[in-house]
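The structure under discussion appears below in the form of structure tokens.
Nothing in this text is a laboratory measurement; each read-out follows from the coordinates by a stated rule. The shown structure was predicted, so the numbers you read here are calculated from the model rather than taken from an experiment. Using ideal geometry, Cβ is built from the backbone for each residue, glycine included, and neighbour counts are taken over all protein chains shown.
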Amino acid sequence: MKVLLLVAALVVVGGGIGLVVVMKSVAGPEKQATKVEAGDCVQLTGAGKEADAVKAACDDPRTPYVVSVKGTVKGDCPEGFYSYSVATPLRGEGVGLCLGINARIGLCFDVIKTKTPPPLVDCSGARLKISEVFDKASYVNSPCKEGTEEVISYSAYGATQKFKSATICFVKP
């Protein structure tokens, strides 16, 4: 009888472990977006269910975005920020990111006034290139040089905010 109970207990425990392994397999690999924080620079990968945001060096010329706010997929981003959602099947509500443009001189884009993150483009055919960056938000008097095509200003709120305020100036390349 004891042997039968022991075998039954092992089957239940083994089945539970097997179920966990199967569920993790169905859910797929854990998304990197769950590990990023405000102030981290990111590169976006995949699309749809495969979408993810991967932490990257801010000085890497392939890193176009910085995280301003991280939360769930619900909610909108403040004006001027880009909304990006990463699904996390069977692991919770998903990750919602508000992204700003990485304030790195030399990055190029075609369009910056969108709700979703604009793709980084090769500067040879781009419409806009980051020419200057200032470490404070300027909404009234732009510090950008004459001839600037577009300006984005970001404000950081709170003393512990890792996302930094900036004014980014764009010119035609």
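Data for the structure
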read-out	value
Gyration tensor verdict on segment 32-171 (Cα atoms; rounded if a/c is under 1.5, prolate if a/b is larger than b/c, oblate otherwise)	prolate
Distance violations [Cα-Cα > 24 Å] among LYS113/LYS172; LYS49/LYS162; LYS70/LYS172; LYS35/LYS136; LYS70/LYS115; LYS115/LYS162	LYS49/LYS162; LYS70/LYS172; LYS35/LYS136
Pairwise label distance in nanometres, ALA57 with LYS115, each label 7 Å out on the Cα-Cβ vector	3.6
Net charge contributed by nearby residues that have their C-beta within less than 10 Å of GLN32 (K/R +1, D/E -1)	+1
Environment charge at LEU128 (Cβ cut-off 11 Å; Lys +1, Arg +1, Asp -1, Glu -1)	+1
³J(HN,Hα), Karplus 6.51/-1.76/1.60, whole Hz, each residue of segment 77-89, x for Gly, Pro	8, x, 4, x, 9, 10, 8, 9, 10, 10, 6, 10, x
Label point 7 Å beyond Cα of ASP76 along Cβ direction - residues of segment 141-173 with amide nitrogen under 18 Å	155
Per DSSP, loop trypsin sites (Lys or Arg not before Pro) in segment 95-161 with at most 14 further Cβ within 10 Å	LYS113, LYS115, LYS136, LYS145
Summed side-chain charge close to ARG104 - residues other than ARG104 whose Cβ falls under 9 Å, Lys, Arg +1, Asp, Glu -1	-2
Length gained when the stretch SER165-GLU30 is fully extended (0.36 nm per residue, less Cα-Cα span)	45.5 nm
DSSP-loop chymotrypsin sites (Phe, Trp or Tyr not before Pro) across segment 120-166, with at most 14 other Cβ within 10 angstrom	TYR139, TYR157
Sequence of CYS108, CYS123 once ranked by neighbouring C-beta atoms within 10 Å, starting from the fewest	CYS123, CYS108
